[in-house]
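Okay, so here's the structure we're looking at.
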Amino acid sequence: MQISEILSQSKDIHQWIVDKRRTIHRHPELMYEEFETSKLVQNTLKELDIPYEKDIAITGVVGLIGNGGDPCVALRADMDALPIHEEADVDFRSEIDGKMHACGHDCHTAMLLGAARVLKQNEQAIDGTIKLIFQPAEEGGAGGKMMREQGVLENPKVRQIFGLHVTDKLPVGTLASKEGTLLAATSSIKILVKGNGGHAAMPHLTVDPVVTGSKIVVELQTLISRELDPLESGVISITMASAGTATNVIPPTMELQGTIRSLTSEGISQLQNRVREVAESIALANRCEAEVTFPGNDFPPTVNDAGCWDLSKSASEEILGHGMVEEMGPIMGGEDFSYYTEVIPGCFSFIGVGNPEMEAYGVHHPKFKVDEDALSLGTAIHVNTAFNALKGVGGF
Ligand code: NI
């Protein structure tokens, strides 16, 4: 397809993409509960006459465009929202209290539906297959892992995969990413400090888990400041601490939870080992006991294949114009796109949805807002990337 055709066909359906996004935005659904969103995706693919499989990883949907055979490349979007109460002043605000598309996954799904429509219009030009992956549960649920385990990268075998994430830190009309490690490996931490409760006026008759737990929180920070090479990256954040129900009672336990980040999976396991040793030792020294677990999934780092980033960069530049695509440094956020790039080459990039006239609150903020002008550009980038990738893996 010509760039001018991709641009004009994407622009022609801009309002259609915006409407899809706003419908999804009004009805946010949390991880593995994206039933209505999944239905909207399925109904749209049905209207477009695109064959699809549903109920993968509970709510996931995979559409197929092209001849159904080799070679095959994939585009991926995530569909889940966050447990945040929306405070953005938009007239399509979330209609569900306490739930919000504060990470832009509504935009990701809408941009990929736009790409589905443009690609379907040009299906005769596709020699091979383009797989459209709509996955659940990116926000800590490792939906990407479950999709992979349920075979979305097989039949036909996906050679390369591409994904976009919105960011209001970049203006509309730009894109950024890098080769190699883009996003961090992550793990969650849970520490249960067990003491022996009693009257707050007689601490000597108790074993206080709150004082011990507080020491653990402070001491864990020295793992980053004193044990990690200053030129390497690592984060330990204890974000939840709970204990007690009364001012005059020393509680029997204190629970601490948080997250660990590193740019490598080895870094995560080293930090996990030290978190366990430090927490258990401090507990012992204070007559308590610490039960340390790392619940949930350890996300691998998101590592972009060098060739796929080259391809994404040039495909995006053809759409956005020269100088509108930039290299960025790695960031410590995590992303379950990593479960795909762990096994096949791929590239994850950030697309600008910022507008200098709008305040940039950032993703996961109750006032997070996007400039929707970016949506049809995202669609065009998806389409051009898929065509160029198929060309690259021998589909033409
Ligand atoms: Ni996100």
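Before moving on, here are some points about what is shown:
- Checked against a 23 Å cut-off, the cross-linked pairs K54/K313; K11/K120; K313/K367; K120/K157 give Cα-Cα distances beyond that limit for K54/K313; K313/K367.
- Working ranking of peptides 355-362, 123-130 by packing, defined as the average number of other Cβ atoms within 10 Å per residue, highest first, is 123-130, 355-362.
- Taking θ as phi - 60° and the Karplus parameters 6.51, -1.76 and 1.60, the scalar couplings of segment 342-359 work out to 5, 10, 9, x, x, 8, 10, 9, 9, 10, x, 10, x, 9, x, 7, 10, 6 Hz in sequence order, x denoting glycine and proline.
- Whole-Hz couplings from phi, Karplus 6.51/-1.76/1.60, listed for segment 366-383; x for Gly and Pro: x, 9, 4, 9, 10, 8, 5, 4, 6, 5, 6, 5, x, 4, 5, 5, 4, 4
- Viscosity 0.890 mPa s, 25 °C: Kirkwood-radius Stokes-Einstein D of the chain over Cα pairs, µm²/s: 110 µm²/s
- Prolate/oblate/rounded call for segment 216-265, Cα gyration tensor, a/c under 1.5 rounded: prolate
- For the chain, size of Cβ-based charge dipole, Lys and Arg +1, Asp and Glu -1, in debye: 420 debye
- Computed per residue of the chain from DSSP H runs no shorter than four, each worth -39500 (n - 2.57), the mean residue ellipticity at 222 nm is -10500 deg cm²/dmol.
- Partners of K39 within straight-line reach, counting aspartates and glutamates whose Cα lies under 17 Å from its Cα and excluding those fewer than 8 residues away in the same chain: D19, E29, E47, D49, E53, D55, D78, D80, D106.
- Calculated from backbone phi, Karplus (6.51, -1.76, 1.60) coupling profile of segment 79-90 in Hz, x at Gly/Pro: 10, 8, 10, 10, x, 10, 8, 5, 10, 6, 8, 10
- Cut-off under 5 Å, modelled amide H: who pairs with E326 long-range: L175, A176, S177
- Sparsely packed loop sites in segment 260-333 (the trypsin sites (Lys or Arg not before Pro) outside DSSP H, G, I, E and B with at most 14 other Cβ atoms within 10 Å) comprise R287.
- Taking every C-alpha pair closer than 8 Å and separated by at least 6 residues, the mean separation divided by the residue count of the chain gives a relative contact order of 25 percent.
- Treating r as the C-beta distance of L48 and T293 and R0 as 45 Å, the FRET efficiency rounds to 0.50.
- A 1.4 Å probe run over the protein chains yields, for segment 185-293, 54 Å² of accessible area per residue, whole-number rounding.
- A 1.4 Å probe over all protein chains sorts W309, W16 by accessible area into W16, W309, starting with the largest.
- Dipole axis of segment 185-293 (+1 Lys, Arg; -1 Asp, Glu on Cβ), positive-most option in V292, Q270, A243: A243
- When the residues D310, D305, D106 are ordered by accessible surface, computed with a 1.4 Å probe over the protein chains alone, the sequence from largest down reads D310, D305, D106.
- By the Cβ-Cβ criterion of under 4.7 Å, the unpaired cysteines of the chain are C72, C103, C107, C288.
- Measuring only protein heavy atoms, the 1.4 Å probe finds K194 accessible over about 70 Å².
- Order by protection proxy (mean Cβ within 10 Å, highest first), peptides 29-39, 134-144: 134-144, 29-39
- Taking the 1.4 Å solvent-accessible surface of the chain as the whole, the part contributed by carbon and sulfur is 50%.
- Global geometry of segment 185-293, whether rounded, prolate or oblate, following the gyration tensor of its Cα atoms and the 1.5 cut on a/c: prolate
- Protection proxy ranking, peptides 169-175, 383-389, average beta carbon neighbours within 10 Å, highest first: 383-389, 169-175
- Cα-centred dipole magnitude for segment 79-134, charges only on beta-carbon of K, R (+1) and D, E (-1), debye, nearest 20: 380 debye
- Over segment 185-293, relative contact order from alpha-carbon pairs under 8 Å, at least 6 apart, %: 43 percent
The values are calculated or read from the model by the stated rules, or taken from the named source; none is laboratory data. Computed from a predicted structure; not experimentally measured. Virtual Cβ from ideal backbone geometry, glycine too; neighbours counted across all protein chains shown. The accessibility values were calculated without ligands, DNA or RNA, using every heavy atom of the protein model including side chains. Shrake-Rupley method; radii C 1.70, N 1.55, O 1.52, S 1.80 Å.
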